[in-house]
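The values are calculated or read from the model by the stated rules, or taken from the named source; none is laboratory data. Since this is a predicted model, take the numbers as computed values, not measurements. Please note: Cβ atoms are built from the backbone with ideal geometry, for glycine as well, and neighbour counts cover all protein chains shown.
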Amino acid sequence: SEENVTLSITGMTCAACATRIEKNIAKVPGVQKANVNLATEKASVIYDPAVASVNDVIAKIKKTGYGVQEEK
Ligand code: 9UX
């Protein structure tokens with residue numbers, strides 16, 4: 001199955017930041033697709049909720065060195 005979550009990211013200052021975050025999110029087991037938009041400072045992530053959780057994705061972004069919050 002699939003779930004989609006949108007996260008707000010802080011701390012990105014160049015396009016390579018967004019690419020870096022995308023690649024790192026994609027390494028989280030269960031993540032199927034990750035898109036990070038530098039201009040809107042948002043990440044859209046599709047994942048299998050049986051394998052990954054939103055918190056797994058949040059933890060990975062923090063570990064990569066950026067601030068992150070779930071969109072309400
Ligand atoms: Mo650009 Mo982002 O040189 O961590 S990659 S600032």
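Summary of values
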| read-out | value |
| --- | --- |
| Residue pairs meeting the criteria (Cβ under 9 Å; at least 6 apart or on separate chains; first farther than 18 Å from Ile9 by Cβ and modelled with pLDDT of 95 or more, in region 30-53; second of a type in the set (D, E, K, R) and in a loop (DSSP other than H, G, I, E, B)) | Gly30/Asp48; Gln32/Glu2; Gln32/Asp48; Asp48/Glu2; Pro49/Glu2 |
| Hits in region 42-70 (condition: more than 13 Å from Glu2 (Cβ to Cβ), more than 16 Å from the ligand (Cβ to nearest atom) and among the polar types (S, T, N, Q)) | Ser53, Asn55, Gln69 |
| Residue satisfying all of: in region 1-28; more than 16 Å from the ligand (Cβ to nearest atom) and either without any contact (Cβ under 8 Å) to a residue 24 or more places away in the chain or of a type in the set (Ser, Thr, Tyr) (or both); farthest from Val51 (Cα to Cα) among these | Ser8 |
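Here is a yes/no grid of residues against (1) touching a strand residue (DSSP E or B) at 6+ places or on another chain (Cβ under 8 Å); (2) among the polar types (S, T, N, Q):
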site	(1), (2)
Thr6	yes, yes
Thr19	yes, yes
Glu22	yes, no
Ala26	yes, no
Leu38	no, no
Glu41	yes, no
Ala59	no, no
Gln69	yes, yes
